[in-house]
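A quick write-up on the structure given underneath.
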Amino acid sequence: MGIFSTHKTRMITPADALPGRGTALRVPDRHEVLGTPLQPPYPAGTQIAEFALGCFWGAEKSFWQVPGVVSTSVGYEGGFTPNPTYEETCTGRTGHAETVRVVFDPAKVSYAELLRVFWESHNPTEGMRQGNDVGTTYRSAIFTHSPEQQAEAEASAKAYQERLTAAGYGAITTEIVPASEFYFAEDYHQQYLAPTKNPYGYCPDHGTGVSCPIGVVKASGPLGGVKAEG
């Protein structure tokens with residue numbers, strides 16, 4: 001996924017970002033693997049979590065395999081260009097990161113468990129890259145949908161930092177910020193590693209092998225932020 005990388009590791013400014021377009025990219029109605037809605041409205045009671053952790057192909061697959069996850073999709077978030085294309089995003093001139101949207105049932109899987117998958121599925125200490133994929137589009141980020149998600153994500157980062165430090169890794173560079181507009185990526189990126197689409201597809205695993213503690217924050221009521229129906 002790094003073929004369009006230009007090794008631009010500095011965040012673009014809004015004034016220098018590409019103009020984009022007013023029309024959203026077309027995506028399928030249903031998830032290729034789960035058969036659930038790819039776009040809102042989502043099933044009642046579900047919630048949204050969004051993570052950037054490098055190449056979104058393998059990252060999305062990691063999340064759709066989690067019991068309790070209702071739907072996943074890939075897109076671009078954290079930048080300035082409206083409705084960017086993949087090619088535009090990879091230039092580093094949109095400011096977006098490759099992002100996975102996870103729609104989940106909090107009665108079946110906790111936000112803490114999704115955070116564990118996020119931390120263990122990539123190396124969050126690499127800055128503007130993941131492995132050979134270099135640039136702002138591959139940076140690590142958690143886009144939160146509520147104060148509860150923000151607090152739990154920050155606490156999990158602190159706890160995971162202790163594990164990483166003990167294993168000899170450096171400082172976590174993950175952004176933990178309120179969610180901005182999520183722009184769905186092109187049709188061919190959605191569920192790219194599904195057996196029906198690319199049975200021999202591959203996306204490298206950049207995980208550190210360091211396990212992440214879960215449940216570091218306890219709060220009354222379900223965590224996970226905004227409801228996803230609508």
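The values are calculated or read from the model by the stated rules, or taken from the named source; none is laboratory data. Keep in mind that what you see is a predicted model, and the values were worked out from it rather than measured. As a convention, Cβ positions derive from the backbone with ideal geometry for all residues, glycine included, and neighbour counts pool all protein chains shown. Protein only, heavy atoms only, side chains kept; ligands, DNA and RNA dropped before computing areas. Shrake-Rupley method; radii C 1.70, N 1.55, O 1.52, S 1.80 Å.
Full extension of the chain between THR173 and GLN65 gives 36.3 nm of extra length, using 0.36 nm per residue less the Cα-Cα distance. The Cα atoms of region 20-73 cover 36, 29, 19 Å along the three principal axes, with the biggest extent listed first. Spin-label pair ARG10-LYS158: with each label point 7 Å from Cα along the Cα-Cβ axis, the two points sit 3.4 nm from one another. A straight chain from LYS108 to ALA44 at 0.36 nm per residue would run longer than the Cα-Cα distance by 21.7 nm. Surface composition of region 1-157: carbon and sulfur atoms hold 51% of the protein heavy-atom accessible area at a 1.4 Å probe. The ellipsoid that matches the Cα gyration tensor of region 1-99 has semi-axes, each √(5λ) in whole angstrom, of 27, 15, 12, with the longest given first. The mean accessible area for residues of the chain, using a 1.4 Å probe and ignoring ligands and nucleic acids, is 44 Å² per residue. Could you tell me which of rounded, prolate or oblate describes the chain, using a ≥ b ≥ c as the square roots of the eigenvalues of the alpha-carbon gyration tensor, with rounded for a/c under 1.5 and, failing that, prolate when a/b is larger than b/c and oblate otherwise? Rounded is the answer for the chain, as its axis ratio a/c remains below 1.5. Does region 136-215 classify as rounded, prolate or oblate by the C-alpha gyration tensor (a ≥ b ≥ c root eigenvalues; a/c under 1.5 gives rounded; else a/b over b/c gives prolate, otherwise oblate)? Oblate, because a/c is 1.5 or more while a/b does not exceed b/c. From helices alone, the chain scores -6000 deg cm²/dmol at 222 nm; the rule is -39500 (n - 2.57) for each run of n ≥ 4 DSSP H residues, then divide by the residue total. Note on region 76-203: semi-axes of the ellipsoid equivalent to its C-alpha gyration tensor, largest first and rounded to whole Å, are 24, 18, 17.
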